[in-house]
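K.L.:
First the structure, then my questions, so here it is.
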Amino acid sequence: MLKTPWGEKLDRGNILSEYPRPQLERSSYFNLNGRWQYAFAGDAEPATYDGTIIVPFSPESLLSDVGRNLRSDQTLWYRLEFTMPPSFYDPSQRLLLHFGAVDQEAWVYLNGAEVAHHIGGYTAFTADVTSAIQHDNVLIVRVKDETDQNSLSRGKQKTKRGGIWYTPQSGIWQTVWMEAVPTNYITELLIIPHIDTAEVALTVFSCEQAPCIVNLCGRDFDLTSNQPSLLPMPDFKPWTPETPHLYDFTVTMGQDHVHSYFGMRSVCVAQDSSGIKRLFLNGKPYFHNGLLDQGYWPDGLYTAPSDEALIFDIQTAKDLGFNMLRKHIKIEPMRWYYHCDRIGMLVWQDMVSGGGAYRPTTISMPLVTGLHQKDSHYRRFARQDPAGRDAYYRELDETVIQLRSATSLVLWVPFNEGWGQFDSKLACEKILALDPTRPIDHASGWHDQGIGDLKSLHVYFRAYKFKPDRLGRAVVLSEFGGYNLYIDGHTLDATDFGYKKLQSKDALWNAYSALFEREIIPVIPLGLAATVYTQLTDVEDELNGLITYDRRVVKFSKKKMRALNKRMQSAL
């Protein structure tokens, strides 16, 4: 059994108790994480339950205290009895029940009434449970998860793990919580900084239009909900990874009061002084030096064992001198993005992949052949199922709306290596309709459709040769490297997958530094705009991380890595 330091110290009476949504925070907060009853059964609620599970760890994970896989022909049942706190049991308030994420399809019942049904294992959803709540309550959650047996989004989960595919997980995997709100309450904040005009655009979304008071930088501003407003930010401090300055503010709308924050920054693709397309931050060329980040944990799978564990991954990447993480085929809890905001770490956000069974000729052969295919061919890309395509667009909308106010998030990646790719031009249009402020890497790796802001390449097994994009887009190396080192006692089992195997830390460093010295640093002045090395941590069979899967060993000297990364930044 492989555990992280935080998993070893897990307090089962205090599970992930931090407020889950830092950009829309209220004082009313009732955390429902902890011991629930669970059962693997059929579609009807079982008469008796199998035992207790630690929510929000999936039953497949070690920290759930279950350690059992949910089959596609089974239903996972959760049951929790709870008493409402006195401050919540007020007839004048509305009560909201929030789920950070439940994989894949969930039905929620409170005291016998169905209060929510949600499809999609990666985005948050909320139920207004005012009419169903009582003093003493029974909460039931029914879950179906077919992993790779249907066309819904599944990410890197696979029924039979191996290589780059990982252990499947199911059910509740993010915090479950409640809050009390007035009848007319704030549902969302959309925050868009405008550094050119020294303003921030703020839209307060609510059930019904109402006057609001925003307190920002010691000043009160009057505005109306459901209408965008521009607030002045004179003499602002720009947000960068080196200086991640954030501004706190509050919004009061009637009896509703929320706390939030933002950073002042802009991102785009533009020409530098030499006419080369590059990624810009705050009006200047900025090299994105990043790592692929899968967000898996040996003891919690999708769920980090603590807030401190989330911080460790981000802070260690920064301590090593990197300024960007590509969140790969997963959506994290909102606290992860908050920590990237405050620590100073750029984020490239992948959409979660889905579709049918992937064809090797589509997702693997282009690595060798370099051939690209039109993504309107649904069968070739395992996208024949119309319901699966509709689900992708629905989850895309939910993802963008959920994450678009995060300061650190600077780029969207709708498709990776042809995994369920389809109609990527339409996907880009849908993203831009919800968020026109960020660049898009429409097809990371291959199956380039000649659109988007980037020419995006994955290079393994061969030397990287820089070429300008014939369409004039910025060129990024969005995956490469993958050099692996087995560290005895810090792996899940004896398997050892990677793209180049090394036998010692010294050998790993020599190979890694030679790769960058020979193939990467010399071509940054020529136009290479970003790199994403594979990867931040080992994950199950993949031992190509800079950090072991249990987060106990950093395989590289921080001093040497920082020095090399400093050279990367100065090469621009």
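The values are calculated or read from the model by the stated rules, or taken from the named source; none is laboratory data. Remember, it's a predicted structure, so these values are computed and weren't measured experimentally. Here the Cβ positions follow ideal geometry from the backbone for every residue, glycine too, while neighbour counts run over all protein chains shown.
K.L.:
Within the range 488-510, track down each residue that is among the aliphatic types (A, V, I, L, M) and surrounded by 16 or more Cβ atoms within 10 Å (Cβ to Cβ).
P.N.:
Of everything in the range 488-510, those that are among the aliphatic types (A, V, I, L, M) and surrounded by 16 or more Cβ atoms within 10 Å (Cβ to Cβ) turn out to be Leu492, Leu502, Leu508.
K.L.:
If I filter the range 400-413 for residues that are without any contact (Cβ under 8 Å) to a residue 40 or more places away in the chain and in contact with a Lys or Arg (Cβ under 9 Å, 6 or more places away or on another chain), do I get at least one hit?
P.N.:
Checked against the condition, which is being without any contact (Cβ under 8 Å) to a residue 40 or more places away in the chain and in contact with a Lys or Arg (Cβ under 9 Å, 6 or more places away or on another chain), the range 400-413 yields at least one hit.
Residues checked against (1) more than 16 Å from Glu308 (Cα to Cα); (2) under 23 Å from the mean Cα position of the chain (by Cα); (3) at pLDDT 95 or above; (4) not polar (S, T, N, Q):
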position: Leu16; (1), (2), (3), (4): no, yes, yes, yes
position: Pro22; (1), (2), (3), (4): no, yes, yes, yes
position: Asp50; (1), (2), (3), (4): yes, no, yes, yes
position: Pro59; (1), (2), (3), (4): yes, yes, yes, yes
position: Leu70; (1), (2), (3), (4): yes, no, yes, yes
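K.L.:
Does any residue of the range 433-454 turn out to be in a loop (DSSP other than H, G, I, E, B), surrounded by fewer than 22 Cβ atoms within 10 Å (Cβ to Cβ), of a type in the set (Ser, Thr, Tyr) and within 19 Å of the chain's Cα centre (by Cα)?
P.N.:
yes
K.L.:
Can Leu190 be described as over 30 Å from Ala382 (Cα atoms), touching a Pro at 6+ places or on another chain (Cβ under 9 Å) and assigned to a strand (DSSP E or B)?
P.N.:
Yes.
Residue by residue, here is whether (1) within 11 Å of Asn484 (Cα to Cα); (2) out of contact with any helix residue (DSSP H, G or I) (no Cβ under 7 Å at 6 or more places or on another chain); (3) at pLDDT below 95 holds:
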{"site": "Lys505", "(1), (2), (3)": "yes, yes, no"}
{"site": "Tyr512", "(1), (2), (3)": "yes, yes, no"}
{"site": "Arg518", "(1), (2), (3)": "no, yes, no"}
{"site": "Gln535", "(1), (2), (3)": "yes, yes, no"}
{"site": "Gly545", "(1), (2), (3)": "yes, yes, no"}
{"site": "Val554", "(1), (2), (3)": "no, no, no"}
{"site": "Met561", "(1), (2), (3)": "no, yes, no"}
{"site": "Asn565", "(1), (2), (3)": "no, yes, no"}
{"site": "Leu572", "(1), (2), (3)": "no, yes, yes"}
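K.L.:
Quickly run through the range 331-360 and pick out the residues that are in a helix (DSSP H, G or I) and within 24 Å of Tyr464 (Cβ to Cβ).
P.N.:
Pro360 - this is the single residue of the range 331-360 that is in a helix (DSSP H, G or I) and within 24 Å of Tyr464 (Cβ to Cβ).
K.L.:
Now a separate question. Here is a check on your reading of the model: is Cys212 more than 30 Å from Val475 (Cβ to Cβ) and at pLDDT below 95?
P.N.:
So Cys212 fails the test.
K.L.:
If you check every pair at least six apart or on different chains, which have Cβ atoms under 7 Å apart with a residue in the range 457-483 that is outside the structural domain of His328 (by TED's automatic domain parsing) and in contact (Cβ under 8 Å) with a residue 40 or more places away in the chain first and a residue that is surrounded by 15 or more Cβ atoms within 10 Å (Cβ to Cβ) and hydrophobic (A, V, I, L, M, F, W, C) second?
P.N.:
Note: no pairs meet the criteria.
K.L.:
Next question. Being surrounded by 23 or more Cβ atoms within 10 Å (Cβ to Cβ) and not assigned by TED's automatic domain parsing to the domain that holds Gln174 is the requirement here; does Ala317 meet it?
P.N.:
Yes; evaluated as a whole, the condition is true for this residue.
K.L.:
Restricting attention to the range 369-391, which residues are surrounded by fewer than 21 Cβ atoms within 10 Å (Cβ to Cβ) and not in a helix (DSSP H, G or I)?
P.N.:
If the condition is that a residue be surrounded by fewer than 21 Cβ atoms within 10 Å (Cβ to Cβ) and not in a helix (DSSP H, G or I), then Gly370, Leu371, His372, Gln373, Lys374, Ser376, His377, Tyr378, Arg379, Arg380, Gln384, Asp385 are the ones that fit.
Here's the yes/no breakdown for (1) aromatic (Phe, Trp, Tyr); (2) buried (at least 17 other Cβ atoms within 10 Å of the Cβ); (3) within 25 Å of Gln134 (Cα to Cα):
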| position | (1), (2), (3) |
| --- | --- |
| Leu2 | no, yes, no |
| Ala41 | no, yes, no |
| Ala44 | no, no, yes |
| Ile54 | no, yes, yes |
| Asp65 | no, no, no |
| Thr75 | no, yes, no |
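K.L.:
Right, here's the next one. State which residue is surrounded by the most Cβ atoms within 10 Å (Cβ to Cβ) when the search covers only the range 148-166 and only residues that are charged (D, E, K, R) and out of contact with any helix residue (DSSP H, G or I) (no Cβ under 8 Å at 6 or more places or on another chain).
P.N.:
If we take residues in the range 148-166 being charged (D, E, K, R) and out of contact with any helix residue (DSSP H, G or I) (no Cβ under 8 Å at 6 or more places or on another chain), then Lys156 is surrounded by the most Cβ atoms within 10 Å (Cβ to Cβ).
Residues checked against (1) surrounded by fewer than 14 Cβ atoms within 10 Å (Cβ to Cβ); (2) farther than 19 Å from Gly34 by Cα:
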| residue | (1), (2) |
| --- | --- |
| Asn69 | no, yes |
| Thr83 | yes, no |
| Val102 | no, no |
| Gly112 | yes, yes |
| Ala127 | no, yes |
| Thr130 | no, yes |
| Gln134 | yes, yes |
| Val141 | no, no |
| Glu146 | no, yes |
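K.L.:
Pick out the one residue from Leu223, Leu246, Leu216 that is surrounded by fewer than 21 Cβ atoms within 10 Å (Cβ to Cβ) and in contact with a Cys (Cβ under 6 Å, 6 or more places away or on another chain).
P.N.:
Leu223
K.L.:
Being touching a helix residue (DSSP H, G or I) at 6+ places or on another chain (Cβ under 7 Å), crowded, with 16+ Cβ neighbours inside 10 Å and of a type outside the set (Phe, Trp, Tyr) narrows it down to one residue among Ser229, Ser266, Ser306, Ser260; which is it?
P.N.:
After applying the criteria, what remains is Ser306.
K.L.:
OK, next. Quick check, is Arg394 assigned by TED's automatic domain parsing to the domain that holds Ser456, surrounded by fewer than 17 Cβ atoms within 10 Å (Cβ to Cβ) and more than 28 Å from Ser260 (Cβ to Cβ)?
P.N.:
No.
K.L.:
Which numbered condition in (1) more than 29 Å from Ser408 (Cα to Cα); (2) crowded, with 17+ Cβ neighbours inside 10 Å; (3) at pLDDT 95 or above; (4) not β-branched (Val, Ile, Thr) is the only one that Glu8 fails?
P.N.:
The failed condition is (2).
K.L.:
Same structure again: Quick check, is Asp423 under 26 Å from Leu572 (Cβ atoms) and touching a residue at least 12 places away in the same chain (Cβ under 8 Å)?
P.N.:
It is false that Asp423 is under 26 Å from Leu572 (Cβ atoms) and touching a residue at least 12 places away in the same chain (Cβ under 8 Å).
K.L.:
I would also like to ask the following. Taking the residues in the range 269-299 that are small (Gly, Ala, Ser) and closer than 22 Å to Asp453 by Cα as candidates, determine which candidate is surrounded by the most Cβ atoms within 10 Å (Cβ to Cβ).
P.N.:
Gly290
K.L.:
Could you tell me whether any residue of the range 347-360 is without any contact (Cβ under 8 Å) to a residue 24 or more places away in the chain and not hydrophobic (A, V, I, L, M, F, W, C)?
P.N.:
There is at least one residue in the range 347-360 that is without any contact (Cβ under 8 Å) to a residue 24 or more places away in the chain and not hydrophobic (A, V, I, L, M, F, W, C).
K.L.:
Which residue out of His135, His98 is more than 15 Å from Asp43 (Cα to Cα) and at pLDDT 95 or above?
P.N.:
His98
K.L.:
Among the residues in the range 527-549, are any under 24 Å from Tyr302 (Cα atoms), small (Gly, Ala, Ser) and touching a strand residue (DSSP E or B) at 6+ places or on another chain (Cβ under 7 Å)?
P.N.:
yes
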